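Asks: Below is one structure. I have some questions about it.
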Amino acid sequence: VTDYHAEHALIGDHVASDVRITVADGTITDVVSGVPATGATHLAGIVLPGLVNAHSHAFHRALRGRSSALGDFWEWRRLMYRVAAHLDPDGYQHLATLVYAEMALAGITTVGEFHYLHHPPTGRYRDPNAMGEALLRAAGAAGIRITLLDTCYLRAGFDRPAEGVQARFDDGSADGWIDRVERLAGRSNTARIGAAIHSVRAVDVSSAGTVAAWARTRGLPLHFHLSEQPAENTACVEATGKTPTALLAGVGALAGATAVHAIHLSPDDIAALGEHGAAVCACPTTERDLGDGIAPIPELLAAGCSLAVGSDSQAVIDLIEETRLVELHERLRSGRRGAIPVSVLLAAAGRSGAAALGWDTGVIEPGRPADFIAVALDSTRTAGITDPRSAFIDAATAADVTDVVVAGVVLVADGAHRAIDDPGRRLDRAIRGLVDW
Ligand SMILES: [Zn+2]
């Protein structure tokens, strides 16, 4: 049994002071506020539930700072495919371990890894899940929880089979995808499996229905990219006569699912996502980097959707920034402030994101997994702010995360990862060695 003493802590939607959090066997067993610090491990600043990164492609981290001069989304994608062409299971495990260490240092305690890089350039690995298992091991080595969202990807476009490096993503059919995913082995108390449909471009509607039905019968999370770029919507309407949302609704894929991006939506699309209780995962640092646009978050919330956030392309790994930008981008879109309640923003990086990945983390209360972080309130960025929630929403960054606890284990202390030495230098070396840049 370990006692932590938080100077301040987010309990529900409110900030309490002098909070004792008692942990046993990885679970929070008691939370009491207004108590002295005697004998407990002290956590300065504000203690929050561990941040949940609901949408990640770990290998995209290699593209940071290398694509900004290369033009539009599709140029960026060509560079991404070049990196994808070079990864093997050992190399990917090494890279992903360091990317997940960067996430841990940023206060991310759970990642949803949207994984589609399954196969070697030709044929299959002896273990057809070698790449997915490498990612599960990477999260274990970095000490964070993972939901491996194993992604079905079957074609280049509405009338084109998978081509070039996309052969590495392609299981041939939805049944081929199911055969492989059913053999995934590396589950643990911090690693789970979920399902994903890459997009309506990359998966035909009948196969999307098969994946969705399989995920539902097994009670697994289901995610998909949705309407990130206008070109994707145009191609979908031309090929099928329906929007991507309407197409997925028609095969029962929206219910309880998580739609990533959900930017270019019609009023009918928004209503359908809400009616089916879908979550929407905003990835604003990626969406601004790629020029995708701004999701209509207040409309989606009003329709009944929940909100999660993700680092997606790893343009930045900072869930505090992602959360802040949901509100700030909405201010730019609508010309008004405060359209998204602070409680919704905090939940997006916590319990709502966790629910989208099949976890019950994201709340500091007895019976919940002991995943929490401390954010400094005395840094140059946060100094002088009196409301700790405002420090988080308005000013703090990933650099203000000082301590991270996952499943009751101290993973980061005083800003240093306890299991991975010098992750920045090692990440630099791993990325430089990845391709002939
Ligand atoms: Zn993505």
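The values are calculated or read from the model by the stated rules, or taken from the named source; none is laboratory data. For clarity, every value in this text was computed on a predicted model and none was experimentally measured. Positions of Cβ are backbone-derived with ideal geometry, glycine not excepted, and every protein chain shown enters the neighbour counts.
Asks: Of all residues in the range 297-311, how many are surrounded by fewer than 22 Cβ atoms within 10 Å (Cβ to Cβ) and either within 16 Å of the ligand (Cβ to nearest atom) or outside any helix (DSSP H, G or I) (or both)?
Replies: The initial filter retains those residues of the range 297-311 that are surrounded by fewer than 22 Cβ atoms within 10 Å (Cβ to Cβ), namely 298-299, 301-304, 306.
Restricting the remaining residues to those that are either within 16 Å of the ligand (Cβ to nearest atom) or outside any helix (DSSP H, G or I) (or both) gives 304, 306.
Adding up the residues that qualify gives 2.
Asks: Still on this model: Just checking, which of 354, 398, 348 is under 20 Å from residue 113 (Cα atoms), touching a residue at least 24 places away in the same chain (Cβ under 8 Å) and out of contact with any strand residue (DSSP E or B) (no Cβ under 7 Å at 6 or more places or on another chain)?
Replies: 398
Asks: Moving on to the next point. Identify all residues within the range 330-385 that are touching a Ser or Thr at 6+ places or on another chain (Cβ under 7 Å), part of a loop (DSSP other than H, G, I, E, B) and surrounded by 19 or more Cβ atoms within 10 Å (Cβ to Cβ); write none if there are none.
Replies: Result: 349, 357, 359, 361, 368, 370, 371, 376.
Asks: Residues 82, 64: which one is within 30 Å of residue 129 (Cα to Cα), within 16 Å of the ligand (Cβ to nearest atom), of a type in the set (D, E, K, R) and modelled with pLDDT under 95?
Replies: Result of the check over 82, 64: 64.
Asks: Any idea which residue in the range 260-278 is nearest to the ligand (Cβ to nearest atom), counting only those that are touching a helix residue (DSSP H, G or I) at 6+ places or on another chain (Cβ under 6 Å) and closer than 12 Å to residue 227 by Cα? Working first, answer last.
Replies: Keep residues of the range 260-278 that are touching a helix residue (DSSP H, G or I) at 6+ places or on another chain (Cβ under 6 Å), which gives 264, 269-272, 274.
So of that shortlist, the ones also closer than 12 Å to residue 227 by Cα come out as 264, 269-270.
Values: 264: 15, 269: 19, 270: 20 Å.
Here the residue is 264.
Asks: Mind listing just one residue for me: the one in the range 312-364 that is at positive phi and in contact with a helix residue (DSSP H, G or I) (Cβ under 6 Å, 6 or more places away or on another chain) and, of those, farthest from the ligand (Cβ to nearest atom)?
Replies: For the range 312-364, the residue satisfying everything is 362.
Asks: Quickly run through the range 1-44 and pick out the residues that are touching a residue at least 24 places away in the same chain (Cβ under 8 Å), hydroxyl-bearing (Ser, Thr, Tyr) and not in a loop (DSSP other than H, G, I, E, B).
Replies: Answer for the range 1-44, where residues must be touching a residue at least 24 places away in the same chain (Cβ under 8 Å), hydroxyl-bearing (Ser, Thr, Tyr) and not in a loop (DSSP other than H, G, I, E, B): 2, 4, 27, 29, 41.
Asks: Something else now. Any idea which of 109, 97, 122 is β-branched (Val, Ile, Thr), part of a strand (DSSP E or B) and touching a residue at least 12 places away in the same chain (Cβ under 8 Å)?
Replies: That would be 109, the only listed residue that is β-branched (Val, Ile, Thr), part of a strand (DSSP E or B) and touching a residue at least 12 places away in the same chain (Cβ under 8 Å).
Asks: More than 16 Å from the ligand (Cβ to nearest atom) and farther than 22 Å from residue 413 by Cα: is that true of residue 18 in this structure?
Replies: The answer is no for residue 18.
Asks: Now for a different question. For the range 389-418, give me each residue that is modelled with pLDDT under 95 and buried (at least 22 other Cβ atoms within 10 Å of the Cβ).
Replies: Across the range 389-418, the qualifying residues are 391, 392.
Asks: Let me ask another. State whether the residues of the range 400-421 include one that is hydrophobic (A, V, I, L, M, F, W, C) and part of a helix (DSSP H, G or I).
Replies: Among the residues of the range 400-421, not one is hydrophobic (A, V, I, L, M, F, W, C) and part of a helix (DSSP H, G or I), which makes the answer no.
Asks: Inside the range 141-185, can you point out the residues that are touching an Asp or Glu at 6+ places or on another chain (Cβ under 9 Å) and assigned to a helix (DSSP H, G or I)?
Replies: Across the range 141-185, the qualifying residues are 142, 174, 176, 177, 178, 179, 180, 181.
Asks: Residues in the range 339-353: is at least one small (Gly, Ala, Ser), modelled with pLDDT of 95 or more and over 23 Å from the mean Cα position of the chain (by Cα)?
Replies: No, that holds for no residue.
Asks: Please verify whether the range 279-293 includes one or more residues that are closer than 30 Å to residue 96 by Cβ, among the hydrophobic types (A, V, I, L, M, F, W, C), away from the ligand (no atom under 16 Å from the Cβ) and surrounded by 19 or more Cβ atoms within 10 Å (Cβ to Cβ).
Replies: Taking every residue of the range 279-293 in turn, none turns out to be closer than 30 Å to residue 96 by Cβ, among the hydrophobic types (A, V, I, L, M, F, W, C), away from the ligand (no atom under 16 Å from the Cβ) and surrounded by 19 or more Cβ atoms within 10 Å (Cβ to Cβ).
Asks: Here's another thing I want to ask about it. Tell me, which residue of the range 258-278 that is more than 19 Å from residue 345 (Cβ to Cβ) and of a type outside the set (A, V, I, L, M, F, W, C) is surrounded by the fewest Cβ atoms within 10 Å (Cβ to Cβ)?
Replies: Taking the candidates together, the pick is 267.
Asks: Need pairs with beta-carbon distance below 8 Å; first residue of a type in the set (Lys, Arg) and within the range 423-437, second assigned to a helix (DSSP H, G or I) and at pLDDT 95 or above; sequence gap 6+ or separate chains.
Replies: Close Cβ pairs (under 8 Å, with a partner that is assigned to a helix (DSSP H, G or I) and at pLDDT 95 or above) amount to 426/98.
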